[in-house]
Amino acid sequence: MANELLFFMEVLVGGLLAGTMYSLVALGFVLIFKASATFNFSQGAMVFFSVLAFCGFMQDFNIPFVLAFILAAFLMVVVGLCTERLVLRPLMNASEDTVLMATIGLGYVLEGLAQAAWGVEVRRLDLGIGDFPVPWIADNLKLFISALDITAGLVAAIMIIGLFLLFKYTKIGLGLRAVADDAGAASSIGIPLKHIMLLVWSAAGVVALVAGCMWGARAGVQFALVDLALKALPVLIIGGFSSIPGAIIGGLIIGAVEKILEVYIGPFFGGAIEGWAPYVLAIFFLLYRPEGLFGEKIIRRV
Amino acid sequence: MSNNSANILDIKNIEVRYDNVILALHDVSLKVPKGKVVALLGANGAGKSTTLKAVSTMLASERGKVTNGSIEYDGNAIDKQTPSQMVGLGMVQVLEGRRCFGHLTVEENIISGAYSRKLSKGDINQELEKIYTYFIRLKERRKSQAAFTSGGEQQMIAVARAMMAKPKMLLLDEPTMGLAPQLVAEIFNIVKELNTKEGVSILLAEQNTNVALKNSDYGYIIETGRVMLDGTAESLLNDDKVKELYLGISKKGRKNFRDVLKEESLKKRSN
């Protein structure tokens, strides 16, 4: 009995920590959705682009780890700058659907650029953190929990606290929250939308880099990262598209639920249900609580 | 930017189209003298908001465009400026329907108005205190989320937020929409105070003709995108046609301005 409970705990904690990796990807989506009410389809490509560049800097140019990370982060700011200038500004007064389509195109451009610059083979990313159980926890709590999962959890927590402080206490953060509430009113009092766009795209780029590092260390830096990022979709549907806490909690729920379902119900379906179980959960949310757990309630007058 | 002319805003014969097709303003000319309050009156769809948005350059975001005529603000032509540039030049619009940032606190809303200015924390607090002297109600509610304040308070937030940008000129779009008469009076008192004490020139779009004229120096009445009548606030308040059409002192049913003018010309002819 005790063993079974311990096993359940292990599945749960492992799932929650793995969920923070989804949260990290979802964070990038939320940032952009807040500012432009658009689902950024290129977020997955940004994850791939940023982490491939990071690997490239380290492995092809022998740039040390920290410097390579800073360079890659800087590169993502440049990508944000170019996106604002070349894609968003010309579409300033276009409809949200047009911007949505533009992000799909942007995704292809980023994927292509990344592979043109750094090649198409799968790269190994060694963060110096193994994807194996931490001995100390295994000995003392009898839980087998991966060191990489714990790191991802910590990194996600730091990112969230950082973003929270940025939004709550800085001038540009205030500007972003104002734009998220009412872009028209924000521009009527002189908040320049282009600065806000630049901020969110750069921040989303850096978040993509961090998420990419975590995923890359686990699954290898490869093209599949682009699709993996779409796992963030059910996370956002559950958490709410415009809420940072929602992205975090949505990620945790998806992580925990998919692992628990896989272990306890998976055998009845022949296993491998974690690939689709989150989407089923998302469908239930769409049916019964379409704004998600933390999203703004959608009110329409009929 | 030296401007010796007596008008801070001079709109000459503008025509505005949306989507290059829909003609919203046919021919609107109006002047706002420095330090004065000018009312722009008319029914729904007359073109009041469009006129204000043409001035603040917010038309572009609604796919509207000034296709003819000119707008001069503080001696310079308004042409390719962005809304945030206009705010930098001291022209701030308070949009119709208040448009507060619902998830921000009252105080954060007001502070956001100072975004375009480079102020230190201390300066911002000083400005805030000054603003609160006009909006005493808001000081009590400074920590509440704006979405949970009343309609009147939200209107005050919107005006206070605009004042944080230190405007030379305010464009107010229907500031009393949906407010109880007592609040209407309170809002207008504040507007009047800002005008006299801070020297802000004001262009005010209103449907509330009576109150608006009583608190203005000059008035324009527009209908279907054209200026139908203008004059000092006093003369408009005493004008029989205005009385009949907009102040509800009418013997017959509702009419529009063109009907009245037609009737008059018929009368003249029959005489």
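The values are calculated or read from the model by the stated rules, or taken from the named source; none is laboratory data. Keep in mind the model is a prediction, meaning the values are calculated, not measured. Every residue, glycine among them, receives a Cβ derived from its backbone with ideal geometry; neighbour counts consider all protein chains shown.
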Notebook entry, point to check: Can B:Val16 be described as in contact with an Asp or Glu (Cβ under 6 Å, 6 or more places away or on another chain) and β-branched (Val, Ile, Thr)?
Noted result: no
Notebook entry, point to check: Would you pick out the residues in the stretch B:61-89 that are within 7 Å of another protein chain (Cβ to nearest Cβ), part of a helix (DSSP H, G or I) and surrounded by fewer than 18 Cβ atoms within 10 Å (Cβ to Cβ)?
Noted result: B:Ser61, B:Gly88
Item checked: Selection from the stretch A:128-145 of residues that are hydrophobic (A, V, I, L, M, F, W, C) and surrounded by 15 or more Cβ atoms within 10 Å (Cβ to Cβ) -> A:Ile129, A:Val134, A:Ile137, A:Leu143, A:Phe144, A:Ile145
Next item on the list: State all residues of the stretch A:164-185 that are surrounded by fewer than 19 Cβ atoms within 10 Å (Cβ to Cβ) and assigned to a helix (DSSP H, G or I); if no residue qualifies, say none.
Entry: A:Phe164, A:Leu165, A:Leu166, A:Lys168, A:Tyr169, A:Lys171, A:Ile172, A:Gly173, A:Ala183, A:Gly184
Next item on the list: Go through the residues of the stretch A:223-235 one by one and say whether even a single one is farther than 30 Å from B:Ala60 by Cβ, of a type in the set (Val, Ile, Thr) and within 14 Å of chain B (Cβ to nearest Cβ).
Entry: no
Item checked: Among the candidates A:Lys194, A:Lys142, A:Lys171, residue that is within 30 Å of B:Ile157 (Cβ to Cβ) and in contact (Cβ under 8 Å) with a residue 60 or more places away in the chain -> A:Lys194
Notebook entry, point to check: Filtering the stretch B:90-116 down to residues that are in a strand (DSSP E or B) and at the interface with chain A (Cβ under 7 Å from one of its Cβ atoms), which residue is farthest from A:Ala185 (Cα to Cα)?
Noted result: B:Val92
Check: What tally of residues in the stretch A:120-140 results from selecting those that are assigned to a helix (DSSP H, G or I) and of a type in the set (Asp, Glu)?
Finding: 1
Note to self: Of the conditions (1) over 17 Å from the mean Cα position of the chain (by Cα); (2) within 19 Å of A:Ile32 (Cβ to Cβ); (3) without any contact (Cβ under 8 Å) to a residue 24 or more places away in the chain, A:Ser188 satisfies every one except a single condition; which number is it?
What the structure shows: (2)
Note to self: One residue is enough: does the stretch B:135-158 have a residue meeting the conditions at the interface with chain A (Cβ under 9 Å from one of its Cβ atoms), closer than 17 Å to B:Val87 by Cβ and surrounded by 15 or more Cβ atoms within 10 Å (Cβ to Cβ)?
What the structure shows: yes
Notebook entry, point to check: When you look at A:Ser202, is it buried (at least 23 other Cβ atoms within 10 Å of the Cβ), in a helix (DSSP H, G or I) and hydroxyl-bearing (Ser, Thr, Tyr), yes or no?
Noted result: no
Check: Could we say that A:Ala211 is under 14 Å from A:Leu125 (Cβ atoms), assigned to a helix (DSSP H, G or I) and at pLDDT 85 or above here?
Finding: yes
Note to self: Going by what's in this entry, would B:Ala147 be described as in contact (Cβ under 8 Å) with a residue 60 or more places away in the chain and either in a helix (DSSP H, G or I) or more than 23 Å from the chain's Cα centre (by Cα) (or both)?
What the structure shows: no
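Is there a residue being exposed (fewer than 15 other Cβ atoms within 10 Å of the Cβ), of a type outside the set (S, T, N, Q) and within 18 Å of the chain's Cα centre (by Cα) anywhere in the stretch B:34-47?
Yes; the residues of the stretch B:34-47 include at least one that is exposed (fewer than 15 other Cβ atoms within 10 Å of the Cβ), of a type outside the set (S, T, N, Q) and within 18 Å of the chain's Cα centre (by Cα).
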Next item on the list: Go through the stretch B:13-50 and give me each residue that's within 27 Å of A:Ser36 (Cα to Cα) and among the hydroxyl-bearing types (Ser, Thr, Tyr).
Entry: B:Tyr18, B:Ser49, B:Thr50
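Residue-by-condition table, conditions (1) part of a strand (DSSP E or B); (2) at pLDDT 90 or above; (3) in the same structural domain as B:Arg137 (by TED's automatic domain parsing):
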position	(1), (2), (3)
B:Glu193	no, yes, yes
B:Lys197	no, yes, yes
B:Leu203	yes, yes, yes
B:Gly248	no, no, no
B:Arg269	no, no, no
Notebook entry, point to check: Right, A:Lys168: farther than 26 Å from A:Ala45 by Cβ, among the basic types (Lys, Arg) and within 22 Å of the chain's Cα centre (by Cα) or not?
Noted result: yes
